[in-house]
1. Would you pick out the residues in the range D:80-115 that are over 20 Å from the mean Cα position of the chain (by Cα) and not polar (S, T, N, Q)?
2. Considering only the range B:70-79, state which residues are within 23 Å of the chain's Cα centre (by Cα) and either open to solvent by less than 10 Å² (accessible area, probe 1.4 Å) or not basic (Lys, Arg) (or both).
3. Would you check if there is a residue in the range B:149-159 being at pLDDT 95 or above, open to solvent by less than 10 Å² (accessible area, probe 1.4 Å) and closer than 25 Å to residue C:244 by Cβ?
4. With D:187, D:163, D:146 as the choices, which residue is part of a helix (DSSP H, G or I) and buried (at least 24 other Cβ atoms within 10 Å of the Cβ)?
5. Take residue B:92 and decide whether it is assigned to a helix (DSSP H, G or I) and open to solvent by less than 10 Å² (accessible area, probe 1.4 Å).
6. Go through C:315, C:287, C:310 for me and flag whichever is within 24 Å of residue B:210 (Cβ to Cβ), open to solvent by 10 Å² or more (accessible area, probe 1.4 Å) and not in a helix (DSSP H, G or I).
7. Filter the range A:323-344 down to the residues that are surrounded by fewer than 24 Cβ atoms within 10 Å (Cβ to Cβ) and either under 20 Å from residue A:269 (Cβ atoms) or of a type in the set (Gly, Ala, Ser) (or both) and list them by number.
8. Only one residue in A:64, A:15, A:9, A:68 is away from chain C (no Cβ under 14 Å) and free of Cβ contacts under 8 Å to residues at least 40 places away in the same chain. Which one?
Number of protein chains: 4
Amino acid sequence: MTAHDVPIPVAVLGPTGYTGLELLELLARHPGFRITYLGSSRQSPPRIDAEFPRLRGRLGDADPQCRPIDHDAISRTARLAFLCLPHEAAMTHTPELLARGVRVVDLSAAYRLRDPELYARVYAHPHTDPQGLKRAVYGLTELFRAEVAGASLVANPGCYPTACTLALTPLLSQRLIEPGSIIINAASGVSGAGREPKAHTTLVEAGENYSAYGIGVHRHQPEILQTLRGVEPKTNLLFVPHLLPIERGILETIYAVPAPDVESRDLMSALSRAYAGERFISVREDAPTLRDVQRTNMVHLNARVVSGRAVIVAAVDNLTKGASGQAIQNANVMFGLNEAEGLL
Amino acid sequence: MTAHDVPIPVAVLGPTGYTGLELLELLARHPGFRITYLGSSRQSPPRIDAEFPRLRGRLGDADPQCRPIDHDAISRTARLAFLCLPHEAAMTHTPELLARGVRVVDLSAAYRLRDPELYARVYAHPHTDPQGLKRAVYGLTELFRAEVAGASLVANPGCYPTACTLALTPLLSQRLIEPGSIIINAASGVSGAGREPKAHTTLVEAGENYSAYGIGVHRHQPEILQTLRGVEPKTNLLFVPHLLPIERGILETIYAVPAPDVESRDLMSALSRAYAGERFISVREDAPTLRDVQRTNMVHLNARVVSGRAVIVAAVDNLTKGASGQAIQNANVMFGLNEAEGLL
Amino acid sequence: MTAHDVPIPVAVLGPTGYTGLELLELLARHPGFRITYLGSSRQSPPRIDAEFPRLRGRLGDADPQCRPIDHDAISRTARLAFLCLPHEAAMTHTPELLARGVRVVDLSAAYRLRDPELYARVYAHPHTDPQGLKRAVYGLTELFRAEVAGASLVANPGCYPTACTLALTPLLSQRLIEPGSIIINAASGVSGAGREPKAHTTLVEAGENYSAYGIGVHRHQPEILQTLRGVEPKTNLLFVPHLLPIERGILETIYAVPAPDVESRDLMSALSRAYAGERFISVREDAPTLRDVQRTNMVHLNARVVSGRAVIVAAVDNLTKGASGQAIQNANVMFGLNEAEGLL
Amino acid sequence: MTAHDVPIPVAVLGPTGYTGLELLELLARHPGFRITYLGSSRQSPPRIDAEFPRLRGRLGDADPQCRPIDHDAISRTARLAFLCLPHEAAMTHTPELLARGVRVVDLSAAYRLRDPELYARVYAHPHTDPQGLKRAVYGLTELFRAEVAGASLVANPGCYPTACTLALTPLLSQRLIEPGSIIINAASGVSGAGREPKAHTTLVEAGENYSAYGIGVHRHQPEILQTLRGVEPKTNLLFVPHLLPIERGILETIYAVPAPDVESRDLMSALSRAYAGERFISVREDAPTLRDVQRTNMVHLNARVVSGRAVIVAAVDNLTKGASGQAIQNANVMFGLNEAEGLL
């Protein structure tokens, strides 16, 4: 915490999913924020510690009872709202909250793609708040810190895009790889599929299993492209996600054709220089494992050239740096707190 | 196979659950049976190898297309039907099949409890085929082999009851333990909860987790009691199941007060004598693990007296000996095949 | 933190095991302590963030380089040492540290059993510091808080004893259960077996598996008895641990004969009253799961009478409340900090 | 079985590892082979059902007692030996067995690479049986069936090479992909690392984890290249294996640049035509999961063109089709049995 003596009051809307749970656990130990409102769109808003018994007795002074999402009530008690809601609900509530002076960190995909037409194609429903889109800042903190600081609306990045965008931005900006040659072979834990039970997410189906899905057609592909084309317009890529038989974590093995004469040390030094001083990025000589980053807000990066290919490995926790941890990192920046507060 | 040169034609009704899948995999390599009918009660009966891609190309001559459950059609093509259906459906179809001369091995609980009143209390719906109940033989093969051989309707035992009933029967019949002192601490893999996705069976909830459920009120408790009271009428017990974060397997740690002067070797020799010559029961000096029995039709048993308590450990695979393997074992007995045929 | 403005300097000896890793992660975010010394008995003390890459960049100002265990050097820089060492090493270093004015929280079993003869039998080597034994306070914080506060040497309890001792103490002291009838059916994650690879702890052997071990002869049985006989001298029990196919967590299903006329509500109200006001104990109406307590310092308790038996379920994380979390809880008490500091 | 009325006697040397266990389970239910010799190089050869209690009572007439590896004794009792030994031991025993008229299926890497110089570089020890190398047939059954039939020595392929070689051979031979553009992103279960406990294979380290290893330098890369360059000499590739937190299964996601105008249906029809009539290869419209092939001898293949890339997904079980299943498939071919005997 910096000079702030009084914790900043925040609301969490949609706390009954996995990003909500992760956010509450992180906020509960954050000295700079206090939870003043839990808003649920369920018919009967639950007590959050009945929904997640692991929160019993761990929320400090916060009222564990969820309430309906009432914009006026939220604006009276909170200066910031974290939205862990479905995309459509996020587009409904965000303008109401902003209009009442409540800043928003939105963890859905609602404000990630700048082009509402593209959004409509990718998410298969129209964008209902194109005005909000214009105000939204893409909250990949390390790349857009200055914009986040002044933002009223932060679009928290997707879990997959967080890892590869951080890995590839320095390499593209330094022209160390051919921008049209990128293949992102990604793998994620099952929590990325949300909390709703599905046929393919039961333990019997997902456990001891592994598979590719959404080959080349995953919704995170345009999100990744949007940011990387801001770095290098000729960027093109194929994104292939896989489902891992674990709860959490994302590891991406990224392939590209290196630019002429580029060697491993060129890739590594580009990453090291780009992220020198970053608290949450660790550039390392060996390839990371998921265990190295689970339940932390860290991104571990490694890169090399082998057999004529650049191979970059990036690891994050999909629920922490890939969602709720980065949401808090953004909130810390928005309110002038120490960026790492509550995230160690 | 014995003298049977022609495989016996069988139907599998309800093959789209986990006991159905297990049964099909076992039947596919069984030289004495051939699958002639797959019957599904779904609106649009699926191809079974689309439902379970692991069956692609592995069903031999069997037609992978499921059909509606048509009793006449079944009776024209099959001499035996395995029912992997819900309890209510089993009670509907069984009398129709029997009336048409098709013998039945029912894997549901419909015909396990002899008393229809008890059934109605335990399963919370009335028993609609009390006539069938009278014909049904409880198919714990090692204990009721002779009855099974002549049965037209076999009630295949529950997964939990299979392990502990085999473990306790010799000890009770030899009066080696106090019949009112039994505690069965059981643990099962998630496949025991069926294939339908549920909030508590997703990988994120069930994985890396473990919990007790149905403490003292599980539906298998009366089934266990029914058989054991046939051995020793004063039997009383507490059954406490737990959910393991794995696909399959049941391990039961059973506690009882030993009769005076009973030692470990008394327990062990009672088990060894009772099951000498049994192909599927292994009495061993050390406690079994689940890995020792998974995907086999075996029951592993160990017993000892320690700190004044008898401790018996029994392990089975809930889908094999605890369901589909035992169903085939019973079918082998019913048709005079080698009891172990197709089960090695 | 209370009035302490300056964090208290602490040493961690033996940080390369799992309790060491857990301790470092907890200390890294604890505002009241700072790590000033990492001591390893390895020939070449490693950098701890090379040993555990997940610690990269997450230890704040602490030097990640482990050093030899030098008592003088430790005493110059630390007021408290956490010992995550083998039992024998703990008995060697503890008197040296105490003699130099460094308080000790010992996470080994060296000082848990008060009787050195019993220790020698249970751990199969002589106790080399019987003087230390006399000073040691058993650090089950909720039960011995006052003694812990003034202690120079705290014996941090075993993981299994923590759960059942807290569960049974109020029931025995209120005479709600028969003291000679207790059976503790316990199950633990694999991290309880330590970090050294063993034949039975590989993923292929331990994964998708489950088994009983050390039936009635586990070393934690005398530790549990020692504390419970302090409550009720007639206590007797059988302790049967099982190995779960997961990383962490302990769930104990405890059986006992209830005293005459005792009902579920009597058990529950005894627990609730005993632990009213405790930050880390949650008495709940339904049975806990491991997921409810993993990576928290909480103990979840539930009790009921069913089928004539008392059944109590207790859940903890073996590395947190069962080891390093409780170590910090004890250290908080020893130094007059908020007992929950750094543990939320 | 074909006309063979008497099962062929076989030896298994090195049955105490995971390929040995898998082989024994498959042989136990194979009507065409019977196990007459278990040979172990351990100082004290164990009973195999003590080493693997899941084999208790499941080996039929076979003697479960392992014996020293005695070439004369083996030759008196067995016509074929399966070698599940380390590479060096395989090179020692193979010529002795061949000299005595015992045919060999070697599951080690000893005879996979035809060039002894290359072998020495890749495996870091000299090849001690270059004569044997000349006789050895590479046992990727579907591609080299005719040679296998007449072979006295079959080098059973590596687990990783089995999947991708079958996937890529038709595409390269039909010139549907650019031969220098291949990237094989592979993932395997932990059993691929052998049975010996290692720091990175414990449940705590490997469980809930995932990582890349041996990036571009894995020993299977030259094995894959050797076969594919036999199809298309210009083939070049990068092979990147990953470790999955599961027991078994290999899934490979393969990327290549398609030849001009090549579409998904071209890839699919090339695969379908190449493997029409193959019992163990299933070409399918959707991408396979590991669960679809685990504990089967099947290879599931899917291919498509998306975002300008060919993406091929291949799945096998590393212990079955990737090792012991294929070993039996080869033995079936060598002895003129039905190729699928014992493998359904």
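The values are calculated or read from the model by the stated rules, or taken from the named source; none is laboratory data. Bear in mind that the values here come from a model prediction, so they are computed numbers and not experimental data. Virtual Cβ from ideal backbone geometry, glycine too; neighbours counted across all protein chains shown. Protein only, heavy atoms only, side chains kept; ligands, DNA and RNA dropped before computing areas. Shrake-Rupley method; radii C 1.70, N 1.55, O 1.52, S 1.80 Å.
1. Here is the first cut: in the range D:80-115, the ones over 20 Å from the mean Cα position of the chain (by Cα) are D:92, D:95-102.
Passing the criteria: D:95, D:96, D:97, D:98, D:99, D:100, D:101, D:102.
2. Of the residues in the range B:70-79, the ones within 23 Å of the chain's Cα centre (by Cα) are B:78-79.
The one that is within 23 Å of the chain's Cα centre (by Cα) and either open to solvent by less than 10 Å² (accessible area, probe 1.4 Å) or not basic (Lys, Arg) (or both): B:78.
3. yes
4. Numbers: D:187 fails: part of a helix (DSSP H, G or I); D:146 fails: buried (at least 24 other Cβ atoms within 10 Å of the Cβ).
Among D:187, D:163, D:146, only D:163 is part of a helix (DSSP H, G or I) and buried (at least 24 other Cβ atoms within 10 Å of the Cβ).
5. On the way: assigned to a helix (DSSP H, G or I): yes; open to solvent by less than 10 Å² (accessible area, probe 1.4 Å): no.
Spelling it out, it is not the case that residue B:92 is assigned to a helix (DSSP H, G or I) and open to solvent by less than 10 Å² (accessible area, probe 1.4 Å).
6. Within the list C:315, C:287, C:310, the selection yields C:287.
7. Within the range A:323-344, A:336, A:340, A:342 meet the criteria.
8. On the way: A:64 fails: away from chain C (no Cβ under 14 Å); A:15 fails: free of Cβ contacts under 8 Å to residues at least 40 places away in the same chain; A:9 fails: free of Cβ contacts under 8 Å to residues at least 40 places away in the same chain.
Exactly one of A:64, A:15, A:9, A:68 is away from chain C (no Cβ under 14 Å) and free of Cβ contacts under 8 Å to residues at least 40 places away in the same chain, namely A:68.
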